[in-house]
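Notes follow the structure.
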Amino acid sequence: MGHMNSALQRAYDTARHWLREELPNAEMHAASSLLDVMAKAREYVMAAESLTRDEAQRVVDVLRYDLREAAHHWHDVKLEVVDWAKFDVEQLEAAIVERLLSAADPTWTELARFQRGRNELGDGSNELGDAS
């Protein structure tokens, strides 16, 4: 918005403020409503800032562009956070398993692995703790 003069900058700020209040209502009606809201924003800016239709359209076009850029940015941020969270959870799980294994009695850990192997081979007649 730095390339606009101060009147257009003020109009942009006015349109952005107005849009902030109107957007929740527009979200209920989805994409077609966004076009209507932008047209209303143009009319509002024309009246509030005494702009020509072309000047108001320029303000609304820049606002629309900024909204798209913000949406793309937040989508990318969301994906990064999801990837980070998955990585973080995997790291926590690995650390917990490592701690549990290091705290467990190695004899019991090996005995449990041996018993699981026997069960997988179909020779699970003796359970852990049986003295047979």
For the stretch 43-60, how many residues meet the condition of being more than 13 Å from R16 (Cβ to Cβ) and of a type outside the set (S, T, N, Q)?
9
Count - residues of the stretch 19-57 that are touching a Phe, Trp or Tyr at 6+ places or on another chain (Cβ under 6 Å) and at pLDDT below 85
0
Of the residues E98, E110, E93, E120, which is more than 30 Å from T14 (Cβ to Cβ) and either aromatic (F, W, Y) or exposed (fewer than 10 other Cβ atoms within 10 Å of the Cβ) (or both)?
E120
Y65 modelled with pLDDT of 90 or more, farther than 16 Å from R10 by Cβ and part of a helix (DSSP H, G or I)
yes
Restricting to the stretch 1-18, name every residue that is outside any helix (DSSP H, G or I) and at pLDDT 80 or above.
N5
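The values are calculated or read from the model by the stated rules, or taken from the named source; none is laboratory data. The structure displayed is predicted, hence computed values, not measured ones. Here the Cβ is made from the backbone with ideal geometry for all residues, glycine too, and neighbour counts use every protein chain on show.
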